[in-house]
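Below you'll find the structure, written out as structure tokens, and then a few comments.
The values are calculated or read from the model by the stated rules, or taken from the named source; none is laboratory data. Values in this document were obtained by computation on a predicted structure and should not be read as measured data. Here the Cβ positions follow ideal geometry from the backbone for every residue, glycine too, while neighbour counts run over all protein chains shown. Surface areas here come from the heavy atoms of the whole protein model, side chains and all, with no ligands, DNA or RNA. Shrake-Rupley method; radii C 1.70, N 1.55, O 1.52, S 1.80 Å.
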Amino acid sequence: MVLTTTTDATLDDFGLVLLADDKRLQNADHIVPVVNRSRAGGAGVTGALGRLNTVLTTADLAQLNEQVDSWRRLPQDVAKNFLREKGLLPAP
């Protein structure tokens, strides 16, 4: 038994199975963007993070983690591709 998260990209690699937490012993993970107000750059950043929050799911995050952790892709490339796929960045 190991403690992991639902977004761990290596679960399938080791044949691990997530158990249901029927006793609610483990707190749920929630994705929350945190930005320093002085460096955020204004309302545009707030709007962009708001749009991201409406499309980013736990399954998406696990798949993005897999691309970085298992496939060894660069995080910035994975992020750009995801944002383009979701229509949050214009195509190159």
Would it be correct to say that Val32 is exposed (fewer than 11 other Cβ atoms within 10 Å of the Cβ) and under 15 Å from the mean Cα position of the chain (by Cα)?
-> yes
Residues satisfying the stated conditions in segment 59-76, i.e. on the phi < 0 side of the Ramachandran plot and either in a loop (DSSP other than H, G, I, E, B) or open to solvent by 70 Å² or more (accessible area, probe 1.4 Å) (or both) | Ala59, Gln63, Asp69, Ser70, Trp71, Arg73, Leu74, Pro75, Gln76
Applying the selection to segment 64-92, what residues are under 15 Å from Ile31 (Cβ atoms), free of Cβ contacts under 8 Å to residues at least 40 places away in the same chain and polar (S, T, N, Q)?
-> none
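For segment 37-58, state whether one or more residues are in contact with an Asp or Glu (Cβ under 7 Å, 6 or more places away or on another chain), surrounded by 14 or more Cβ atoms within 10 Å (Cβ to Cβ), outside any helix (DSSP H, G or I) and at negative phi.
Initial filter on segment 37-58 (in contact with an Asp or Glu (Cβ under 7 Å, 6 or more places away or on another chain)): none.
Within segment 37-58 (the criterion being in contact with an Asp or Glu (Cβ under 7 Å, 6 or more places away or on another chain), surrounded by 14 or more Cβ atoms within 10 Å (Cβ to Cβ), outside any helix (DSSP H, G or I) and at negative phi), the answer is no, since none of the residues qualifies.
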